[in-house]
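Take a look at the structure set out below.
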Amino acid sequence: MVARTETFRGGLEDVRAFCAVVDLGTVTAAAASLQETKGSVSRRISRLEQALGARLMARTSRAVSPTAEGLAFYAKAQESLTLLDEAAETARDARTVPTGHLRITTSIDFGIEVMPEIVASFRTAYPQITVEMLNTDARLDLAANRIDLALRLGGAEETGYRAMVLATLALGLYAAPAYLLRRPAPTDLAGLHDHDLILARERIGTAGLVLTDGQGRTEPLALSPAIRVSDFATAHRLTLAGAGIGHLPSLVAARAVEAGEILRVLSPWATRGAHLRAVTLAGRELPARVQVFREHVRSALAARDCPGATLDGDDPNR
């Protein structure tokens, strides 16, 4: 049902002035309470009556009193003002008090492999905040989808948003023990040409990887993958299944490495420098629930030895 906002053309402060006169009994008392002159309050009431097309106050030389129409209007108006003031207080609190519903999006692989533990610990720390996760490899528009925060790996900067770098990630080479039993691990980078490689998000044809050893040496490689997939989640599962050597973000592979389900190959060689960004709407102060979640993610990643937050031209508290 469409709200009939066209039926009321009066000003909010005029309504407040009228209610103050009814509450306090006189124009003089209402003017003192509102820190206005008596003439200003009287003009507000006259303007409100004109907007409504109804007489709200009966006036004599000594007193004013609400008419029957005025009392009926007062009952509804006072209730509406109370609700409006409460709504304004809620909006103000959202900037400082972490509460409410948090709607986030990230890629499928990151959402499945990395975020569950982070969201669980966040809910333990902030049980008053509910969380909704949208795991998709599509870059959803934040405003159109009512998303508070997007976690995005790499990619170009997006206009109209603010971005904070939460971590700089490395993509390493991993293989399952079962695969390495069949095909012994390569001892140098050239040996990768003799292995089944699993690569994600690459163009058709030969794939180019740039690997560094973290000590200044860099090697570009042109490789033909045995399996090419659209996302790291699938690459991870194929690696776990022993289908080949997977090129995976260290964060995505971390739990499987800890469990001994996959092993690092050719360490310390890795592709380095991919940024994980927290993307939010620009042009407004972030609600407290978004600020504390962003900081929680940054801290959780820092605890996993991911180089931590820097800002892309923005205030970390916003």
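Rule-based calculations on the coordinates, nothing more; no lab input. Please read these numbers as outputs of a predicted model, since none were measured by experiment. Neighbour counts run over all protein chains shown; Cβ positions are idealised from the backbone, glycine included.
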Check Gly244: other-chain or 5+ apart residues with amide H under 5 Å from its amide H, H built from backbone geometry? Ala176
Once the dipole of segment 229-301 is set up from charges on Cβ (+1 Lys and Arg, -1 Asp and Glu), the residue from the list Ala300, Val290, Ser230 lying farthest towards its positive end is Val290
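Report the local net charge at Glu219: Lys and Arg +1, Asp and Glu -1, summed over other residues whose C-beta lies under 14 Å from its C-beta.
Taking every other residue near Glu219 into account, the sum is 0.
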Which whole-Hz couplings ³J(HN,Hα) result when phi for each residue of segment 219-228 is put into the Karplus expression 6.51 cos²θ - 1.76 cosθ + 1.60, θ = phi - 60°, listed in order with x for Gly and Pro? 10, x, 10, 9, 10, 10, x, 6, 9, 10
Estimate the FRET efficiency between Ser299 and Gln215 by the formula 1/(1 + (r/R0)^6), using the beta-carbon distance for r and 22 Å for R0, to the nearest 0.05. 0.20
Mind listing the long-range amide H neighbours of His275? Cut-off is under 5 Å, sequence gap 5 or more, other chains count too, H placed in the peptide plane at 1.01 Å from N. Gly154, Leu169
Take segment 97-234, drop everything but the C-alpha atoms, weight them equally and run the Debye formula without solvent; then report log10 I(q)/I(0) at 0.18 Å⁻¹ to two decimals. -1.16
7 Å from Cα along Cα→Cβ at both Ser230 and Thr136: what's the point-to-point distance in nm? 1.3 nm
Chain lengthening between Leu84 and Glu261 when straightened (0.36 nm per residue, less Cα-Cα): 58.0 nm
Hey, what D do you get for segment 26-72 in µm²/s if you plug the Kirkwood alpha-carbon radius into Stokes-Einstein at 37 °C and 0.692 mPa s? 297 µm²/s
Using 0.36 nm times the number of residues separating Thr124 and Gln35, minus their current alpha carbon distance, what extension gain do you get? 27.4 nm
